[in-house]
Amino acid sequence: MVYYFTSGNVKLIRNLVIDYEATSDISPHEYMKTYIEKCPETTEDAKISWIVETFLGVQKHNKFLREIGSNLSEELSGEDQEYFAILFHGIIFQITPTDMQNLYKCLFNLSKPLLDTFSNFLGNKEVLNFISDVAQSGYDTNFITDKIINPIFVWQPYLSEMANSYAQYVKKTESRKIKLPTIPLQPNVLNRKGKDVPLHSLQSPIPDTPPNSICHKGKKMLTKYAIDQRLKQMHIQNKQKAILLLNKVKNKNSHYAQGKSDKYYKTIQNIECEMINQCEKPLLKLKRNFDDGLPQLEVKETAATLKRMNKRIQITEQQETQWLQDLMDNCRNTAKIEELEEFDRQEKERERLIDIEKKHLMGQISYEEAVIAKKKLKDYNKKKYEDFLKEKQAWEDEIENWKKIITEKNRKAVEKLSLLELNVLESKNNAVMKKREIAENVKKESENIIAKAMKEKQEELERRINMIKEIKILSMIAKKAKLPKIIDLTESSGLGLLCEMSMAELQERLSIMKISLKEELEQKKKIIKEDNIAAKKELDKTKEAIKNYMTERTTARKQSRKVVVDINTKEIIDLKKRLEEKRKLRMQMTS
């Protein structure tokens, strides 16, 4: 049989599948009839029959092939997944392992990542369980074992050979990477200046890339003296740059660095005195104005925010009504109620301000502790650096002694090697004489063996030529014996399933399913529209309720009185004392 699984034929079948998916009105059998009519007369009947069989087989098992290809969506592209489905169908239903070399060529010409994933995925033994689980949804158990799993099991050793051969090819290609040519260095002799020759004619052209001695220089450890000199140079350069910038600013801005008036210094002294007095004095009683002139932030009126505000308003109204009912049940005096409300509000404000002051003092204490810790860390690092310098000096002394010992050992080893080299030269001369005698004997024997091998090769060639002639005659007889298949849409596929139907019956059922799906979608759309209209009405009602509630609250806040709160407590006084101690300690450390 002629092998038709080549890269060009696989691409042809892929194009046919894509064209058929674009035309949904025609069945695959009708599509093949139109394709056969359009085919040129020069094409062979065997090739046309192969194209029809593969196309119909791929369409018949399309669901099964795509489910397996979806497992490789991360490793392969969309085009390679379609090639995978066609070749996977061919391995199961059409090709035998004798065509392994031709299949390898086809995969190599299509795409190399497809070859790698195809051989590794199907060469694994655990794949058989996955394929059987996928196939159980559409096929009978006997059909799965006989027609799907057995061919893959036979193919697995050949696929592992394909994977090994491709891995060897990748190694060879990586070893054959071309190295860039090296650029030779011109000697300094050519750069000498002559009496009559000008300078520009003697200068050698600079190479495009620097030599290896410039590119890869060994890194050296600088001494402390060299580092100090570099730092001094950098300091002088920065000073010069700063002076230049200052002169530029003075030239451009005539008012720069003018003498300031006495009023300026007086105001600064007054501010400092006020700050000191404020620190020494106890904290003043803060006042809270509910009616500040700050602009309020605008909140976006979405469905979620409106529902949240409505829920909060309902909760606050319930709490207020419950509180009023409890008070009215206990006592009917409205003046007493107002006094209790005022006292409760002042207590809450006092607690809030105490909490703020406490957090402020804790922040200042943490800052002072951080400064103290930083100073201690600097002192620790200085000590550590001094210890490091001492250790470095000790190591340098040990290295010098070690170098002296190694030089003496190397001198003794060189003397021994010179004696060994003399002995090796004598043994080499003796070995060369023996090898010449052996080579003459081997030469005579090899001539006799080559003459016998040439006779055997000629006999094998004649035998192979006769075999090839016989195979060609048999292939011509097989071509004439094959006839094209006749396709009937009303007949079933013949797989032996209980739910087996013809292509015509399947098309009728598909059209009925489409009509029922359209009716369900229209009913769902109507229900969704009605729900949206009801939700919009509810949101409008909540908006109006929130606006009325906010206006009532603003009027209530304007009528409320100003509150005077005293913040000084034991905790805050202790925190202030702790802060003063930390500040004194920091001043001692930094001074």
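Here is the size of the stretch 126-169 from its Cα atoms: Rg then Dmax, 13.2, 41 Å.
A convex hull fitted to the Cα coordinates of the stretch 1-124 yields 112 cubic angstrom per residue.
Full extension of the chain between Lys537 and Gln393 gives 43.2 nm of extra length, using 0.36 nm per residue less the Cα-Cα distance.
For the pair Asn410 and Thr173, label points projected 7 Å from Cα toward Cβ lie 4.7 nm apart.
Please work out the Cα convex hull volume for the stretch 70-124 and give it in Å³ per residue.
In the stretch 70-124, the Cα convex hull volume per residue is 79 Å³.
R0 = 22 Å: FRET efficiency of Ile36 with Glu491, Cβ-based, nearest 0.05? After rounding to 0.05, the efficiency reads 0.75. For the pair Ser27 and Glu349, label points projected 7 Å from Cα toward Cβ lie 8.9 nm apart. Here the label points at Glu342 and Ala373, each 7 Å from Cα along the C-beta direction, are separated by 4.9 nm in the simple model.
Among 417-423, 501-507, what's the highest-first ranking by average C-beta atoms within 10 angstrom per residue?
Per-residue Cβ counts within 10 Å, averaged per peptide and sorted highest first, yield 501-507, 417-423.
The residues of the stretch 40-147 expose, per residue, 51 Å² of accessible area to a 1.4 Å probe. Remark: the Leu324-Lys224 segment gains 27.8 nm on full extension, using 0.36 nm per residue and subtracting the alpha carbon distance.
Most tightly packed first, judged by the mean number of other beta-carbon atoms within 10 Å of their residues, the peptides 154-163, 430-439, 580-589, 131-140 read 154-163, 131-140, 580-589, 430-439. Take the Kirkwood radius over Cα pairs of the stretch 318-460, plug it into Stokes-Einstein at 25 °C and 0.890 mPa s, and you get 85 µm²/s for translational diffusion.
The values are calculated or read from the model by the stated rules, or taken from the named source; none is laboratory data. Since the model is a prediction, treat every value here as computed from it, not as a measurement. Neighbour counts are summed over all protein chains in view; Cβ atoms, including those assigned to glycine, are modelled from backbone coordinates with ideal geometry. Side chains included, ligands, DNA and RNA excluded: accessible areas come from the protein's heavy atoms. Shrake-Rupley method; radii C 1.70, N 1.55, O 1.52, S 1.80 Å.
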